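This report refers to the structure that appears directly beneath it.
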Amino acid sequence: MNYSISYYSEAVEAEILGLPTTLQARYVVLTRRMLEAGANLGQPHTDVMGDGLFELRLKGAEGIARIFYCALMGRRIVMLHSFVKKTPKTPLRELRIAQTRMKEIKNANA
């Protein structure tokens, strides 16, 4: 495998692994592809949010979830934040959490 996936924190990992069953299954399928192909799988699976931030788009029987992540040097992907989507637009609060965490990760790796 060419890439590795890590998590911003244990809480983020638990949050992602605590998603409803069909969303978890979709997460596993897409992250396996990311390990081989890299951070950007393209639409409809991933979306570029700007400044190195990506969105993993999960859809299942229980609803829709989004996971924000970033790619770092050394082929490392870091999962930053997840949430179950309840509105058509991504809430700004959720995006800001991911952006703040991405800055922390990038500053720590600079």
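The values are calculated or read from the model by the stated rules, or taken from the named source; none is laboratory data. The shown structure was predicted, so the numbers you read here are calculated from the model rather than taken from an experiment. Because the Cβ atoms are built from the backbone with ideal geometry, glycine has one as well, and the counts that use them run over all protein chains shown. Protein only, heavy atoms only, side chains kept; ligands, DNA and RNA dropped before computing areas. Shrake-Rupley method; radii C 1.70, N 1.55, O 1.52, S 1.80 Å.
A few comments on the model shown:
- Of the set (1) more than 20 Å from residue 14 (Cβ to Cβ); (2) not in a strand (DSSP E or B), all apply to residue 104 but (1).
- Residues satisfying the stated conditions in the range 14-25, i.e. closer than 18 Å to residue 81 by Cβ and either modelled with pLDDT under 90 or open to solvent by 70 Å² or more (accessible area, probe 1.4 Å) (or both): 15, 17
- Sole residue being open to solvent by less than 70 Å² (accessible area, probe 1.4 Å) and out of contact with any Phe, Trp or Tyr (no Cβ under 9 Å at 6 or more places or on another chain), chosen from 46, 100, 90, 31: 31
- Checking each residue in the range 49-73 for being open to solvent by less than 70 Å² (accessible area, probe 1.4 Å) and of a type in the set (A, V, I, L, M) picks out 49, 53, 56, 58, 64, 65, 67, 71, 72.
- Taking the range 1-41 as the range and being of a type in the set (Asp, Glu), more than 13 Å from the chain's Cα centre (by Cα) and within 16 Å of residue 102 (Cα to Cα) as the test, only 10 passes.
- The range 58-110: number of residues that are at positive phi and aliphatic (A, V, I, L, M): 0
- Given (1) hydrophobic (A, V, I, L, M, F, W, C); (2) at pLDDT below 90; (3) open to solvent by less than 60 Å² (accessible area, probe 1.4 Å); (4) in a loop (DSSP other than H, G, I, E, B), index of the condition residue 110 fails: (3)
- Per the conditions (1) assigned to a loop (DSSP other than H, G, I, E, B); (2) over 13 Å from residue 3 (Cβ atoms), the sole criterion not satisfied by residue 39 is (2).
- Of all the residues in the range 74-87, those that are open to solvent by 50 Å² or more (accessible area, probe 1.4 Å) and assigned to a strand (DSSP E or B) number 2.
- Every pair of residues 6+ apart whose Cβ atoms lie under 9 Å, when the first sits in the range 18-32 and is of a type outside the set (Asp, Glu) while the second is open to solvent by 60 Å² or more (accessible area, probe 1.4 Å) and in a helix (DSSP H, G or I): 18/24; 19/26; 24/17; 27/17
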